[in-house]
Amino acid sequence: MVENVKELLKLHEGITHEVYLDNENSSIVPQEVVDAMLPYYNKKAYGNPTLTHKPGWEAFEVIMNSFQKIANYMGAKILEEITFTPSETEANNLAIMGTAFAQKSKGKKIVISEIEPINVLQVAEMMGKFGFSTTKIPVNNEGFIDLEKLKEAVDNETILVSISAVNNELGTIQPIKEAVDIVKAKNPQTLFHTDASDAYGRIPLNVQDLKVDLATVGSYKIQGPRGMGAMYLREGVNMERILEGQIGTQKLWPGVENTPLIVGFTKASELAFENFEANTAKMRTLRDKLVDGIFNELDDLRFNGPKGDKRSPDNANISILRCEGEALTIELSLKGIYVSSGSACSRRLLQPSHVLVAIGRRFSEAHGSILMKTTRSLTEEDIAYVLESLPTAVNRIRGIVGSTGVD
Amino acid sequence: MSRIPLPYNPKVMDLFRHPKNLGKMEDATVVAVAGNPACGDMITFYLKISAQDIIERASFESYGCAANIATSSIVTEMIKGLSLEAAWKDITWKRVTDEIGGLPSVKFHCGVLAVGALKRAIRQYFKEKGVAAPEWLPNEHTFEEKQALEEEELAKTLSKRLKPEAEKQS
């Protein structure tokens, strides 16, 4: 099938403008981040940071500085609270499995929300094989967790609660601080983990203020290189490794530290945080223009998730009725606009986004949804191009649908 | 959401971009529907059938992915001018897949639905006409019809799990 790709790409020849909005699933790494990384492959610090030679010591120095910077950006107390992992997927796996295995004598109950990302949802479910049970807290129609249900779910056998700070599909900013207080009041022993991948660099985030025990962040979600993430673990909390191997600078994750990716992630974090207010204001302005423009141009739409300051500034999630999402992503790609969809059509299971279903969207609304995230690197011209192209694309797909599938 | 790569072939892309026989047919002899929007796949087939049981024209509408649109379109092309008997016997999922140059395996259900809709339309034609089904038309459902039924059943099961808010909306 790979030979088909050549032909597919040929169909994109002649595109004059490209706008990448699929920042949920990968991102464009800014040139200055790439430039910061490159010397660490073959010019300096290419050694193993735990060995006794110059390239090793160079690597040790830069990695330690990175630990410190990421710790600062997350609001951690000390750099030892940070573990670099290959992405937020591994960080979430480590957070859930590592604490569950270390706390199993205290209980075997895990609590998550029903809109957690797959790398929390499926890990928690997988823990069933090891005798742990998972309770899923419902959310309302904007994706906010039900704090009453959370309170009911936590008991003296609950060892871990995991709720994302910002939902990756809806941009819903959860009341994490309140949730932590509720959980700790019911059981002070229960650990609280938050996947903050979609909060980091978008909303103010401080693990000490939130009083969470564990948190996850990811690199590509802030325009850093793919293949890098980090987990915060509050000092003094017990955790077991989930992978074994040579231990280097970090005791929770074995293997040789990936210095260039750590540098890239750190650089991307610096760029996100040094002008945090301006960066997030730009994301918000562009996102609002995008959403308002789409609602001006098209009818039969549903806006998914909350509006206003309870929503992450970058996230736009819109259900386009009478329009199938997968077909629309292809149609848009041919115009140089790259988005993703909550449609089920890439799955054998035929089930659309569990997040959209959880907030009460009908299947036809979920299948016709598109998810877009803005970044500080996009321009007004980019948004204008999307607004100029999207209606034609939607109308063509709606023309194929006709009166079919309108429930 | 689990995802898999979907490198569609040029024929699928061409039919997706320029679908043939698209749209509602006002003077259709028979209209058949297969699939369910809950599964993200639904096809309407329109056939114009002559007094001699020849398919004069066929058209479609599709709430579905690129694979679904392309297979629906190619089926309407393949059956044009065929007798109902020939359409019933010759147009199988296997032939349609070959004609379209292959589909990613996960898209099997999107493509098979088009053939299911066709078979359903042919059956419906004789039923609506009120004549006995010809000898070549078996009582038992074909593979493609069973697949369509299976998908529709799945849609019902999924819909039962929907939230109360969603039920209120619909």
**Asked** Which condition number does A:Arg362 fail, the rest of (1) closer than 23 Å to B:Pro19 by Cα; (2) crowded, with 24+ Cβ neighbours inside 10 Å being met?
**Response** (1)
**Message:** If I filter the range A:379-391 for residues that are more than 7 Å from chain B (Cβ to nearest Cβ), part of a loop (DSSP other than H, G, I, E, B), within 30 Å of A:Ala278 (Cα to Cα) and touching a Pro at 6+ places or on another chain (Cβ under 7 Å), do I get at least one hit?
**Reply:** no
**Asked** Tally time: how many residues in the range A:184-212 are within 17 Å of A:Val154 (Cα to Cα), among the hydrophobic types (A, V, I, L, M, F, W, C) and touching a residue at least 60 places away in the same chain (Cβ under 8 Å)?
**Response** 1
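Let's see how each residue does on (1) farther than 21 Å from A:Thr89 by Cα; (2) modelled with pLDDT of 95 or more; (3) in the same structural domain as A:Lys44 (by TED's automatic domain parsing); (4) not β-branched (Val, Ile, Thr):
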{"position": "A:Ser162", "(1), (2), (3), (4)": "no, yes, yes, yes"}
{"position": "A:Ile173", "(1), (2), (3), (4)": "no, yes, yes, no"}
{"position": "A:Lys177", "(1), (2), (3), (4)": "yes, yes, yes, yes"}
{"position": "A:Glu235", "(1), (2), (3), (4)": "yes, yes, yes, yes"}
**Message:** Which condition from (1) farther than 21 Å from A:Arg396 by Cβ; (2) within 7 Å of chain A (Cβ to nearest Cβ); (3) loosely packed, with under 15 Cβ neighbours inside 10 Å is the one that B:Gly23 breaks?
**Reply:** (1)
**Request:** Please list, ordered by first then second residue, the pairs with beta carbon atoms under 7 Å, 6 or more apart or interchain, first in the range A:101-124 and away from every other protein chain (no Cβ under 14 Å), second crowded, with 16+ Cβ neighbours inside 10 Å and of a type in the set (Lys, Arg).
**Result:** A:Ile112/A:Lys136; A:Ser113/A:Lys136
**Request:** Please enumerate the residues belonging to the range B:32-73 that are hydrophobic (A, V, I, L, M, F, W, C) and either part of a loop (DSSP other than H, G, I, E, B) or under 24 Å from A:Val357 (Cβ atoms) (or both).
**Result:** B:Val33, B:Ala34, B:Ala38, B:Cys39, B:Met42, B:Ile43, B:Ala51, B:Cys65, B:Ala66, B:Ala67
**Prompt:** Could you give every pair whose Cβ atoms fall below 8 Å, whose first residue belongs to the range A:378-407 and is under 21 Å from A:Ser340 (Cβ atoms), and whose second residue is of a type in the set (Asp, Glu) and part of a helix (DSSP H, G or I), counting only separations of at least 6 or pairs across chains?
**Reply:** A:Leu387/A:Glu297; A:Leu390/A:Glu297; A:Pro391/A:Glu297; A:Ala393/A:Glu331; A:Arg396/A:Glu331; A:Ile397/A:Glu331
**Request:** Identify the single condition in (1) within 19 Å of A:Leu214 (Cβ to Cβ); (2) out of contact with any Gly (no Cβ under 8 Å at 6 or more places or on another chain) that A:Thr89 does not satisfy, given that it satisfies every other one.
**Result:** (2)
**Request:** Go through B:Ser62, B:Ser105, B:Ser72 for me and flag whichever is of a type in the set (Ser, Thr, Tyr), more than 25 Å from B:Gly23 (Cα to Cα) and within 11 Å of chain A (Cβ to nearest Cβ).
**Result:** B:Ser105
**Request:** Looking only at the range B:37-49, decide whether some residue is small (Gly, Ala, Ser), surrounded by 21 or more Cβ atoms within 10 Å (Cβ to Cβ), in contact (Cβ under 8 Å) with a residue 40 or more places away in the chain and more than 10 Å from chain A (Cβ to nearest Cβ).
**Result:** no
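Inside the range A:263-314, can you point out the residues that are of a type in the set (Phe, Trp, Tyr) and part of a strand (DSSP E or B)?
Of the residues in the range A:263-314, the ones of a type in the set (Phe, Trp, Tyr) are A:265, A:273, A:276, A:295, A:303.
If the condition is that a residue be of a type in the set (Phe, Trp, Tyr) and part of a strand (DSSP E or B), then A:Phe303 is the only one that fits.
Going through A:Ala153, A:Ala102, A:Ala124 one at a time, which residue ends up being more than 25 Å from A:Leu252 (Cβ to Cβ) and among the small types (Gly, Ala, Ser)? Walk me through it before giving the result.
Details: A:Ala102 fails: more than 25 Å from A:Leu252 (Cβ to Cβ); A:Ala124 fails: more than 25 Å from A:Leu252 (Cβ to Cβ).
Just one listed residue meets the conditions, A:Ala153.
Hey, can you tell me all the residues within the range A:128-168 that are assigned to a loop (DSSP other than H, G, I, E, B), closer than 21 Å to A:Pro188 by Cβ and aliphatic (A, V, I, L, M)?
Filtering the range A:128-168 down to residues assigned to a loop (DSSP other than H, G, I, E, B) leaves A:131-132, A:138, A:140-144, A:146, A:154-157, A:163-165, A:167-168.
From what is left, the residues that are closer than 21 Å to A:Pro188 by Cβ are A:132, A:154-157, A:163.
Within the range A:128-168, A:Val154, A:Ile163 meet the criteria.
Would you pick out the residues in the range A:259-280 that are within 14 Å of A:Phe84 (Cα to Cα) and either within 21 Å of the chain's Cα centre (by Cα) or modelled with pLDDT under 95 (or both)? Can you show your working first?
Residues of the range A:259-280 that are within 14 Å of A:Phe84 (Cα to Cα), as a first pass: A:259-266, A:269.
Within the range A:259-280, A:Leu261, A:Ile262, A:Val263, A:Gly264, A:Phe265, A:Thr266, A:Ser269 meet the criteria.
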**Asked** Which residues, counting only those in the range A:64-82, are part of a helix (DSSP H, G or I) and of a type outside the set (A, V, I, L, M, F, W, C)?
**Response** A:Asn65, A:Ser66, A:Gln68, A:Lys69, A:Asn72, A:Tyr73, A:Glu80, A:Glu81
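The values are calculated or read from the model by the stated rules, or taken from the named source; none is laboratory data. Keep in mind that what you see is a predicted model, and the values were worked out from it rather than measured. Every residue, glycine as well, gets a Cβ built from its backbone with ideal geometry; the counts of neighbours run over all protein chains shown.
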